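Accompanying notes for the structure given below.
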Amino acid sequence: MEKHLFNLKFAAKELQRNSKKCDKEEKADKIKVKQAIQKGDVEAARIHAENAIRQKHQSINFLRMSVLLMPSRVQTAVTMNQVSKARSGVVKSMDATLKSIDLEKISALMDKFENQYETLDVQTVQMEDTMGSTTTLTTPQLPRNDVDMLLHEMADEAGLDLNLELPSGQTSSLDSSVASTEQDELS
């Protein structure tokens, strides 16, 4: 079928080339008609006019024949045939796959996976709780004032406004520390 498609496309192109050739010959005959009229040779002008009209009709006929060959429809048929073959192969392999699926085994496997996942989840939560309590006991608590001062210092360097809610007793010492830090940086 593909060989026939190639031959059809080749024939259609040949017909289109012949149509263009006839168009050129028609134009040449029209020029000859003008020349014959200018010379006053009416009989020669009539013969060239008939040839120009014949070439025009022949060009149209070649175009019609190239369209009637319709290699695009044949191409569509070839493609549909290939798709049909591919689908039949897919259907056969899907049948084999569906026959090999054991729903009971899959269900049991999924239940087992779910149980293992729940066990893992419980173990992970227990481990995190244990690690959290151990870390809390071994990590020393830094004074809040030192942490807040460092945060304000970094925010000032970055040009950001940091609004922390500090206890009222620590605000004045924080402001004086920040002011002294700024004064040191300026000097």
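The values are calculated or read from the model by the stated rules, or taken from the named source; none is laboratory data. Worth saying up front: this structure is predicted, and the values here are computed from it rather than measured. No Cβ is skipped: glycine too gets one built from the backbone with ideal geometry, and neighbour counts run over all protein chains shown. Side chains are part of the model used for accessible areas, which takes the heavy atoms of the whole protein and leaves out ligands, DNA and RNA. Shrake-Rupley method; radii C 1.70, N 1.55, O 1.52, S 1.80 Å.
Summary of values
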| item | result |
| --- | --- |
| Residue match in region 26-34 (condition: within 51 Å of the chain's Cα centre (by Cα) and open to solvent by 80 Å² or more (accessible area, probe 1.4 Å)) | yes |
| Within region 1-15, tally of residues that are closer than 20 Å to residue 60 by Cα and either at pLDDT 90 or above or touching a Pro at 6+ places or on another chain (Cβ under 8 Å) (or both) | 4 |
| Which listed residue, of 164, 137, 160, is at pLDDT below 75, open to solvent by 70 Å² or more (accessible area, probe 1.4 Å) and outside any helix (DSSP H, G or I) | 160 |
| Checklist (1) touching a residue at least 24 places away in the same chain (Cβ under 8 Å); (2) within 36 Å of the chain's Cα centre (by Cα) applied to residue 76, failing item | (1) |
| Identity of the residue in region 43-73, within 53 Å of the chain's Cα centre (by Cα) and open to solvent by less than 60 Å² (accessible area, probe 1.4 Å), that ends up nearest to residue 29 (Cα to Cα) | 52 |
